[in-house]
Amino acid sequence: MQAKDGVVDCDSPSVLNGEAHAPQEIQVAKYSRKQAFDYFNKSQFGRALAHLFVTLRLVPEWREELHDVFYQALSGGCLQLQDEGRLEETVQLRKDSLLFYPEDGTILMDLGSTYYKLDDSELALQYYHKAIQVCPSLLPASRAIQSIYNKQVERWHFRMLNDLDRNEAYNHAIAHRIREGYSSVLDVGTGTGLLSLFADHNGAKKLWACESNPHMYKIAQSVLAANNFSTKINLLNKDSNLISIPSDIPEKVSLLVTEVFDAGLLGEGVLPMLTHAWENLLLPPSPSSSPKSGVVVPFSATVWAVPIQCINIARRHRLLPVVCSCDTIESTVLSSAEESMFVEFGDTRLCKFCEAPLDKNVSNTDHMPYYFENASIASSSSEPYTTEDLRNVPFGYEMLSKPHKILEINFNSPEDIKSYGHRQKEEIAVVIESPGSVDAIASWFHLNMDNNGTVISTAPFKEDGLYEGVCWHQAIFPSTIPKKVHRGDVLDLHINTQEGVLKILQEEVVGPLLEVSPCVVSFLNNKTWIKALQRAANDIGKNFKSNPSCSKIVLDLNPFPILGLLMLNKCEISWKLVAKAETREDEIYILAVAQKYSIRVEQIEFVTEHSLQENVGSKFFDVICVNVMDSSGEIAEQLTELWSVLYSRLSPGGIIVPDAFSIEGQLIESNRLVHESRIVSDERTIHFKIGEFINKFAVDYHLDLSYREPDLRTLSNPFQIFTFNFNSSECNTVGGQYRKELKVRPTGTGNSTGIIYWVNLHLLPGVQSVSTICHDSHCNQSVSFTSQSVRSGEEVSLNCHYCYGFFDIKFVEVNT
């Protein structure tokens with residue numbers, strides 16, 4: 001039963017056995033069937049579904065031929081209920097549907113997704129697993145299960161447990177304190193229980209551990225039992241701030257061990273946690289070490305900060321200029337110091353001060369209208385900082401001054417802890433030693449573990465005599481405006497911990513600043529794609545100008561509608577644009593750019609991702625520009641969910657941009673990926689058995705990885721996996737399911753971690769493609785984990801599977 005031009009035909013039902021059904025039953029069933037199709041074609045899905053229920057109860061033999069329209073009516077009805085805030089009602093609707101289609105993996109999966117939206121992960125997992133049982137090839141259900149695993153056990157647990165330096169430092173410091181006589185221990189935020197195992201192994205006499213995450217709590221129970229410590233360590237499924245004496249622990253303890261530190265040190269709430277602990281759970285501190293007093297491991301912390309230049313950070317957080325307009329002063333300063341006046345960015349050289357391309361062929365006339373000389377466009381953020389692994393950041397970074405000590409916190413001084421929780425701004429003057437652009441302030445910390453020489457450093461470089469805490473990345477405080485600096489300049493940093501979280505601010509913004517969605521900034525900084533979209537708009541515009549007709553509508557679903565704006569600028573004033581904008585600030589920015597294009601406000605209509613289906617259902621579009629990839633490297637979820645709707649709204653003679661795209665991949669080797677995806681061996685956890693329990697939550701994919709990370713080693717040439725054509729019904733569609741086996745000949749020898757993959761977009765037939773691995777791409781890449789030793793020149797086979805927007809690729813097992 002196929003949809004034609006958005007209308008489903010009620011074809012003649014199959015012939016029924018008159019002996020199995022009474023004539024009246026058949027008459028009612030046929031009437032209900034016809035009513036169902038009539039309501040379906042009016043998008044009255046709830047009424048259509050009600051009639052289909054009646055039809056199938058009377059004539060279950062029609063289940064197979066009515067399956068497609070039943071599922072579409074079910075999906076449409078549930079979506080309408082969800083939009084009305086009645087999500088819970090969709091649960092029973094889907095369960096009732098299983099009476100007719102009990103082995104339908106998609107309905108089971110959708111029920112799991114509904115429970116997930118209702119914050120019931122356990123029931124969600126049950127239905128996702130049922131979906132996999134009846135349909136093992138249903139990749140979206142498999143990926144949903146793994147997404148829940150990611151939420152239940154965050155990936156930094158693997159990175160932390162594999163950090164041998166961090167583990168040895170904690171073990172050493174805990175052993176040192178227990179030898180001093182601090183033998184009653186509370187482990188706060190125990191996670192898998194590793195610090196408690198250290199404490200017990202080193203002779204603690206009384207031991208309690210608390211963990212508020214119920215999933216980590218269960219893992220800790222298994223770990224303690226497997227290591228024969230379950231009777232020695234009292235495990236509490238509680239936040240430490242809710243622990244009381246004597247109901248949870250009988251008396252105050254002498255030693256508290258914890259590792260509740262994020263990249264910015266304070267972001268996981270260590271200050272309020274320690275304040276509560278000193279007041280309620282720990283023996284009082286003593287100036288001299290005494291087992292009758294309390295002590296915390298780590299003993300104290302020091303926070304460091306430095307201004308850095310990093311193009312990879314800059315292009316994600318503020319809009320960069322297209323043309324260098326720096327004064328000659330900067331050039332004079334640089335040449336006199338015999339320093340480079342550029343930074344390397346792929347095959348492009350950028351001005352070291354404004355970070356615009358140093359291209360003599362580009363002039364002010366080539367300025368793109370989305371850039372405003374007298375206003376700054378930056379990414380909005382509700383968080384005080386982001387994180388970055390500066391050791392592996394693509395294109396590197398440069399420190400523009402020496403690191404400065406900005407905080408020292410004594411975790412064994414309750415007064416010091418309280419003061420930092422209420423401390424106002426402090427200013428630190430930083431003297432610039434290297435000229436350039438301050439793209440961000442990077443911060444890291446030292447943990448003084450025992451006040452006896454055991455120190456962990458989270459710096460992005462090796463420091464002699466200190467343990468390397470590589471499981472922590474660095475806290476990044478991005479600049480929202482351009483900030484040129486020369487040697488000898490003074491940069492004032494304002495340090496604030498008033499709310500118990502570290503904030504580092506630079507000078508106040510001067511001039512207009514508009515903060516838009518981060519995806520808008522990174523997309524517009526992808527000059528490779530923007531130029532390609534400009535060329536495509538020119539070609540499309542010429543085609544429509546040669547065939548003038550009535551008003552036309554463009555739907556542009558990219559993070560910023562550059563193609564749609566160009567089309568309106570080049571074509572008739574009667575043209576309209578429907579553009580996606582998630583915030584009011586995004587709309588303001590789009591309208592400001594439209595004004596520079598001489599486009600009238602009434603020519604533009606905005607939709608959000610949530611309102612898209614509702615708003616496009618009544619329109620036909622002459623050009624649809626779809627967003628194929630999201631920033632993490634996955635095919636955009638919206639594309640696969642709404643593909644059939646979008647395709648049905650394409651006008652006769654209309655086009656979809658891009659015309660086609662291909663998924664390409666490459667064998668890679670990466671130690672960092674291995675350490676972030678599973679516990680490598682018990683040696684990493686000082687020979688305690690942990691890996692077998694937490695590795696149950698390992699997943700077989702990794703998102704948001706840059707193709708250009710220094711740790712990444714390629715083991716093959718790129719190879720094409722699947723191709724999709726949007727303007728041909730005879731080719732693969734994004735809403736389908738496909739399998740193939742590939743033969744690949746490695747170009748290097750090593751242990752393959754997996755296959756990194758990306759897309760190449762062919763915007764128009766015969767036009768050169770653009771890729772999501774271009775040097776200035778706004779998208780990162782994804783990796784499908786599959787491990788195997790490979791040798792250069794020796795062919796290997798890969799099983800490739802695409803299913804409704806999800807992708808999986810594995811080595812073919814070789815029978816020996």
#### Entry: Number of the exception - residue 285 against (1) open to solvent by 20 Å² or more (accessible area, probe 1.4 Å); (2) out of contact with any helix residue (DSSP H, G or I) (no Cβ under 8 Å at 6 or more places or on another chain)
(2)
#### Entry: Neighbours by Cβ (under 8 Å, 6+ apart or cross-chain): first from the range 133-146, under 18 Å from residue 735 (Cβ atoms); second of a type in the set (Val, Ile, Thr) and open to solvent by 20 Å² or more (accessible area, probe 1.4 Å)
135/106; 138/106; 138/132; 141/132; 142/132
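Does residue 654 meet the test of being under 30 Å from residue 621 (Cα atoms), touching an Asp or Glu at 6+ places or on another chain (Cβ under 7 Å) and open to solvent by less than 40 Å² (accessible area, probe 1.4 Å)? Break it down into steps so the answer makes sense when it comes.
Values: under 30 Å from residue 621 (Cα atoms): yes; touching an Asp or Glu at 6+ places or on another chain (Cβ under 7 Å): yes; open to solvent by less than 40 Å² (accessible area, probe 1.4 Å): yes.
Spelling it out, residue 654 is indeed under 30 Å from residue 621 (Cα atoms), touching an Asp or Glu at 6+ places or on another chain (Cβ under 7 Å) and open to solvent by less than 40 Å² (accessible area, probe 1.4 Å).
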### Summary
Filtering strands (runs of 3 or more DSSP E) wholly in the range 698-757 for at least 2 residues that are closer than 15 Å to residue 668 by Cβ and in contact (Cβ under 8 Å) with a residue 24 or more places away in the chain gives 701-705, 719-725
### Summary
Subset of the range 797-814, residues in a strand (DSSP E or B) and hydrophobic (A, V, I, L, M, F, W, C), comes to 798, 800, 803, 806, 807, 809, 811
### Task
Given the conditions (1) at pLDDT below 90; (2) under 30 Å from residue 271 (Cα atoms); (3) of a type in the set (A, V, I, L, M, F, W, C), report the number of the one that residue 504 does not fulfil.
(1)
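Taking the condition of being in a strand (DSSP E or B) and polar (S, T, N, Q), how many residues in the range 634-685 meet it?
Taking the range 634-685 as the starting set, the residues that turn out to be in a strand (DSSP E or B) are 635, 650-657, 660-669.
After this cut, where a residue has to be polar (S, T, N, Q) as well, the list is 651, 662, 666.
Adding up the residues that qualify gives 3.
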### Task
Identify all residues within the range 118-154 that are basic (Lys, Arg) and either in contact with a helix residue (DSSP H, G or I) (Cβ under 6 Å, 6 or more places away or on another chain) or open to solvent by less than 20 Å² (accessible area, probe 1.4 Å) (or both); write none if there are none.
130
### Task
Please state which of the following conditions residue 564 fails to meet, knowing it meets all the rest: (1) surrounded by fewer than 18 Cβ atoms within 10 Å (Cβ to Cβ); (2) over 23 Å from residue 350 (Cβ atoms).
(1)
### Query
Would you pick out the residues in the range 507-524 that are out of contact with any strand residue (DSSP E or B) (no Cβ under 7 Å at 6 or more places or on another chain), at pLDDT 95 or above and open to solvent by 10 Å² or more (accessible area, probe 1.4 Å)?
517, 519, 522
### Query
Taking the stated definitions as given, is residue 165 open to solvent by 20 Å² or more (accessible area, probe 1.4 Å), in contact with a Phe, Trp or Tyr (Cβ under 7 Å, 6 or more places away or on another chain) and acidic (Asp, Glu)?
yes
### Task
Report whether or not residue 403 is modelled with pLDDT under 95 and surrounded by fewer than 18 Cβ atoms within 10 Å (Cβ to Cβ).
no
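Scanning the range 196-218 for residues that are of a type in the set (A, V, I, L, M) and touching a Gly at 6+ places or on another chain (Cβ under 9 Å), which turns out surrounded by the most Cβ atoms within 10 Å (Cβ to Cβ)?
Residues of the range 196-218 of a type in the set (A, V, I, L, M): 197, 199, 204, 207, 209, 216.
Then drop every residue that is not touching a Gly at 6+ places or on another chain (Cβ under 9 Å), which leaves 209, 216.
Numbers: 209: 27, 216: 23.
Here the residue is 209.
Taking residue 381, is it open to solvent by 30 Å² or more (accessible area, probe 1.4 Å), more than 18 Å from residue 498 (Cα to Cα) and of a type in the set (Gly, Ala, Ser)? Talk me through it step by step, then tell me what you get.
Numbers: open to solvent by 30 Å² or more (accessible area, probe 1.4 Å): yes; more than 18 Å from residue 498 (Cα to Cα): yes; of a type in the set (Gly, Ala, Ser): yes.
Yes: the conditions hold for residue 381.
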## Note on the structure
Note on the range 764-796: residues buried (at least 17 other Cβ atoms within 10 Å of the Cβ), over 26 Å from the mean Cα position of the chain (by Cα) and part of a loop (DSSP other than H, G, I, E, B) are 764
### Query
Can you spot a residue in the range 413-421 that is within 30 Å of residue 272 (Cα to Cα) and among the aliphatic types (A, V, I, L, M)?
yes
### Query
Which condition breaks for residue 450 when tested against (1) touching a helix residue (DSSP H, G or I) at 6+ places or on another chain (Cβ under 6 Å); (2) of a type in the set (Asp, Glu); (3) within 26 Å of residue 674 (Cα to Cα)?
(3)
## Note on the structure
Quick count over the range 669-716, residues being touching a strand residue (DSSP E or B) at 6+ places or on another chain (Cβ under 6 Å) and among the hydroxyl-bearing types (Ser, Thr, Tyr), is 5
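Quick one: which residue in 805, 748 is small (Gly, Ala, Ser) and within 26 Å of residue 632 (Cα to Cα)? Give the steps one after another, and end with the answer.
Values: 748 fails: within 26 Å of residue 632 (Cα to Cα).
Sole residue among the options that is small (Gly, Ala, Ser) and within 26 Å of residue 632 (Cα to Cα): 805.
Does residue 803 satisfy the criteria of being within 27 Å of the chain's Cα centre (by Cα) and modelled with pLDDT under 95? Before you say what the answer is, go through the steps one by one.
Values: within 27 Å of the chain's Cα centre (by Cα): yes; modelled with pLDDT under 95: yes.
For residue 803, the condition - within 27 Å of the chain's Cα centre (by Cα) and modelled with pLDDT under 95 - is met.
Condition test on residue 373, is it among the acidic types (Asp, Glu), open to solvent by 80 Å² or more (accessible area, probe 1.4 Å), modelled with pLDDT of 55 or more and more than 29 Å from the chain's Cα centre (by Cα)?
Details: among the acidic types (Asp, Glu): yes; open to solvent by 80 Å² or more (accessible area, probe 1.4 Å): yes; modelled with pLDDT of 55 or more: yes; more than 29 Å from the chain's Cα centre (by Cα): yes.
Here the answer is yes, as residue 373 does meet what is asked.
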### Query
So which residues in the range 741-759 are over 22 Å from residue 389 (Cβ atoms), open to solvent by less than 60 Å² (accessible area, probe 1.4 Å) and more than 25 Å from the chain's Cα centre (by Cα), if there are any at all?
742, 744, 746, 748
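Each row is one residue, and each column tells you yes or no for (1) under 30 Å from residue 316 (Cα atoms); (2) surrounded by 19 or more Cβ atoms within 10 Å (Cβ to Cβ); (3) touching a helix residue (DSSP H, G or I) at 6+ places or on another chain (Cβ under 7 Å).
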position: 697; (1), (2), (3): no, yes, yes
position: 708; (1), (2), (3): yes, no, no
position: 718; (1), (2), (3): yes, no, no
position: 739; (1), (2), (3): no, no, no
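Identify, from the list 665, 653, the residue that is modelled with pLDDT of 95 or more and in contact with a strand residue (DSSP E or B) (Cβ under 8 Å, 6 or more places away or on another chain).
Numbers: 653 fails: modelled with pLDDT of 95 or more.
On inspection, the qualifying residue turns out to be 665.
When the residues of the range 574-602 are narrowed to those that are polar (S, T, N, Q) and at pLDDT below 95, which ends up farthest from residue 373 (Cα to Cα)? Before you say what the answer is, go through the steps one by one.
Quick first cut of the range 574-602, residues polar (S, T, N, Q) only: 574, 583, 595, 598.
Cutting the leftovers down to at pLDDT below 95 gives us 574, 595, 598.
Numbers: 574: 30, 595: 15, 598: 18 Å.
So the residue we want is 574.
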### Task
Scan the range 620-632 and report the pairs whose first residue is of a type in the set (Gly, Ala, Ser) and whose second residue is assigned to a loop (DSSP other than H, G, I, E, B), with Cβ atoms within less than 8 Å and a gap of 6+ or a chain change.
631/778; 631/779; 631/780; 632/779; 632/780
## Note on the structure
Matching residues in the range 461-476 (closer than 19 Å to residue 434 by Cβ and surrounded by fewer than 22 Cβ atoms within 10 Å (Cβ to Cβ)) number 1
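The values are calculated or read from the model by the stated rules, or taken from the named source; none is laboratory data. The structure presented is a predicted model; accordingly, all values stated were derived computationally and were not measured. FYI the Cβ positions are ideal-geometry reconstructions off the backbone, even for glycines, and counts take in every protein chain you see. Calculation scope for accessible area: heavy atoms of the full protein, side chains included, ligands and nucleic acids excluded. Shrake-Rupley method; radii C 1.70, N 1.55, O 1.52, S 1.80 Å.
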